[in-house]
1. Can you give the % of DSSP beta bridges in the chain that are antiparallel, to the nearest 5?
2. From the square roots a ≥ b ≥ c of the eigenvalues of the alpha-carbon gyration tensor of the range 240-363, which class results: rounded (a/c under 1.5), prolate (a/b over b/c), or oblate?
3. On full extension of the chain, what length is gained from Glu298 through Arg133, given 0.36 nm per residue of separation minus the C-alpha to C-alpha distance?
4. Roughly how many whole Å is it from the C-alpha centroid of the range 107-164 to that of the range 44-103?
5. Would you give the gap between the C-alpha center of the range 168-198 and the C-alpha center of the range 209-254, rounded to a whole Å?
6. Which links in Lys302/Lys343; Lys111/Lys171; Lys46/Lys128 stretch past 27 Å when you go from one Cα to the other?
7. If you line up the long axis of helix 170-187 against the longest principal axis of the chain, both from Cα atoms, how many degrees apart are they, to the nearest 10?
8. Which value in nm describes the separation of the simple spin-label points at Leu172 and Glu289, placed 7 Å from the Cα toward the beta carbon?
Amino acid sequence: MTTRRPLIELHDVQKYYGDYHALRGITLDIEEGEFFSLLGPSGCGKTTLLRTIAGFEDVSSGVVLLDGQDMDRVPPNLRPTNMVFQSYAIFPHLTVGQNVGFGLRKSGKSKVEIAAAVDEALEMVGLKGYGARAAHALSGGQRQRVALARALILKPKVLLLDEPLSALDKKLREQMQSELRRLQRQVGITFILVTHDQEEALIMSDRIAVMFEGSIAQLDSPQQLYRRPVNRKVGDFIGVMNFLQARVLGQTGRMVSVDVEGLGHVDLDEEQCPGGVPEDEASIGIRPEMMSILFEGETTAKRIAEGQVTEVEYLGDMTYYDVKFDGVEKPLVISMKNLVGRKVLERGDRCRVTWDARSLVLFG
Ligand SMILES: Nc1ncnc2c1ncn2[C@@H]1O[C@H](COP(=O)(O)OP(=O)(O)O)[C@@H](O)[C@H]1O
Ligand SMILES: [Mg+2]
């Protein structure tokens, strides 16, 4: 049997800036062809980690292996990586084509070969025919594409992207997100994306490492991160999560019995305790879309809680309600699709809410 090595292997990577402990024991593997994201709030160490992979930062201790090779003291230009920076660093006095071909000047390739590679790279990023244009005349989105083409033309094994879309407005950012994902599938290069935008990470990634304060809190697929966060901090950072106080009553086999504020006695599967089964005092997490308001005439076999609408946020396709359950101190957020014939409730309305015990997550 042949077992392939991961393309990138980090083992217990530590980084100090003077006394400041910026990376606190990072261990992870990234497979060839993966779209991998580093996600976390500003200052948690994402850029530092990306730069240690690229070779722009030395590690204080720990091991970085790329393609099975120890990268200790290997400079950035001798690593199989290429970086696309947050500020695109386009040369404004050059043409688009000269910018894209810049890294190939010293490659020994002929002018004709370089021109063909530039055309191919421009086509990949949707800028076919832009080669002769002046780079300074491009829009933000086009500059980002040029920066991408300039990195892709070097055919790196790993493309490192540090918040490449953060300067773009919302519509363009969303468009570039799906284009970047399509491009990654097409070229098959491993992408490592740094972002503080949880939605962006969910949309684009095969796997995500969620970082806080120099450590990885959870490394998982988008679905697993969203459905089964290992602690409240991750649950709160990814999407919206409601929390209720809970008390663990006991465990029988895989079944964990819990008493939940406002919901009463609930039995959970061990799988719903991704951070481990807590001892006694605990909290329950539930996503807004995992609860449903029952409208007039609707019935259900599921459990029901009753409450009062305290706030309404109408978004067109969805409505977000704050609902204060009887016996629960803080209102919970519940999201409902706006369907034909479904009325939008108002502040002060009483409502019945159904929920499914399988959607609950238990935290210590
Ligand atoms: N060259 C440096 N010297 C000192 N501190 C730094 C340096 N680079 C980053 N830091 C600090 O390390 C922490 C992580 O920074 P960074 O990796 O840029 O975070 P992120 O990219 O997640 O926003 C921050 O507190 C930052 O101030
Ligand atoms: Mg950063």
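1. Numbers: 65 of 83 bridges.
Around 80 percent antiparallel, to the nearest 5.
2. It is prolate, given that a/c is not under 1.5 and a/b is the larger ratio.
3. Extra length available between Glu298 and Arg133 comes to 53.2 nm.
4. The range 107-164 and the range 44-103 have Cα centres spaced 17 Å from each other.
5. Between the Cα centres of the range 168-198 and the range 209-254 lies a distance of 25 Å.
6. Those over the limit are Lys111/Lys171; Lys46/Lys128.
7. Approximately 60 degrees, to the nearest ten.
8. In this crude spin-label approximation the distance works out to 2.9 nm.
FYI, it's all coordinate maths here, none of it is from the lab. As the structure is a prediction and not an experimental result, all values here were calculated from the model. Neighbour counts run over all protein chains shown; Cβ positions are idealised from the backbone, glycine included.
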